[in-house]
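Only the coordinates and a few stated rules stand behind these numbers; no lab work does. Computed from a predicted structure; not experimentally measured. No Cβ is skipped: glycine too gets one built from the backbone with ideal geometry, and neighbour counts run over all protein chains shown.
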Amino acid sequence: MISISEGDLVGVVCSLVWATSATIVRTQSFKVSPGLMNALRCAAAGVMFWLALAVVGSVGSYAFLTLNEWLLLCGSVLIGISMGDTLYLWSIREIGPSRTMALVGVVPLPTLVFEYFLLDQPFPAQFVAGCFLVVGGVACLSRRWQAKEALTGSLKLGVVLSLTATVLWGLSTVMLKPAIANLTAVEANSIRMPLVAAVLFGGYILTRPAGERESLTGKTAVIVAGTGILGMGFGSFLFLEAITMIGPTKTAVLGALAPVFTMGMAAVFLKERITLPVVVGVVLCVGGVLLVL
């Protein structure tokens, strides 16, 4: 009989929140550049967490962090979001979204390896089998773009970029567990989100072509900020809570439910077609998640 803990439920709800945010933000994806969009989302989430900090947290908690915890917390942001997300977006440009999603879907595996070596966390064979099923499911789900997608960049470069991103994401996730040992999710994200926003804004300014300006409307800015509060705000809060309760690898596996939820929402609200690979992918993802519960 499957036993579902409170931490498992938190991980599943986190995936649902991320999927909802992704579905909404997709409607604005052609109205603002990815760099500025992510910066705005993280900035909105940062404001949310600083307001929450005044109610349920304490700035004084930062004084009790060790140097090692500060390094792990800030390092996880720079490694996972600044570097990992950048390589992910670069990979999409080289080999397209379907191939990139299939490759980055292996993120539970490097997370599993890092947790084993860095946190000395053992894992049963059933858990490993679940990870592989989830990886296969994500690969099937990503095939929904294959028919329309043309390969315009370097295949080898795209593969290297995608797999490097998964390694960085896995390491970042594992680094977070000891980093937030003495912080609440609100206190930790009050550091993470403003730091991410600053890095993303800086990267956007440095990489933006000279003289180019974004035609960002007020409506688009409000929608993007709203998805930031939902996905980067509540989603990140639940993500850190799940890591604390059930560990990095299990959280990463449950996070793979996000594409499943996204496919369902896209079919209902965006009228996207459900194909056989999508159905197979959903079955594999759900089966893999059931194995790790």
Sorting Val17, Val160 on the 10 Å Cβ count, fewest up front, what's the list? Val160, Val17
Would you list Val268, Val253, Val278 from fewest to most Cβ contacts within 10 Å? Val268, Val278, Val253
DSSP loop (so not H, G, I, E, B), at most 14 other Cβ within 10 Å: list which trypsin sites (Lys or Arg not before Pro) in region 209-269 pass both filters. Arg213
Running a GNM on the chain with Cα contacts under 10 Å, which residue among Ser162, Ser215, Ser190 ends up with the highest mean-square fluctuation? Ser215
Counting other C-beta atoms within 10 Å, which of Tyr204, Tyr116 has the fewest, and how do the rest follow? Tyr116, Tyr204
Indicate the gyration tensor shape class of region 14-134 (rounded, prolate or oblate), computed on the Cα atoms with a ≥ b ≥ c the square roots of the eigenvalues: a/c under 1.5 is rounded; otherwise a/b larger than b/c is prolate and the rest oblate. oblate
Take each of the peptides 62-74, 169-181, 30-42, average the number of other beta-carbon atoms within 10 Å over its residues, and list them starting from the highest. 169-181, 30-42, 62-74
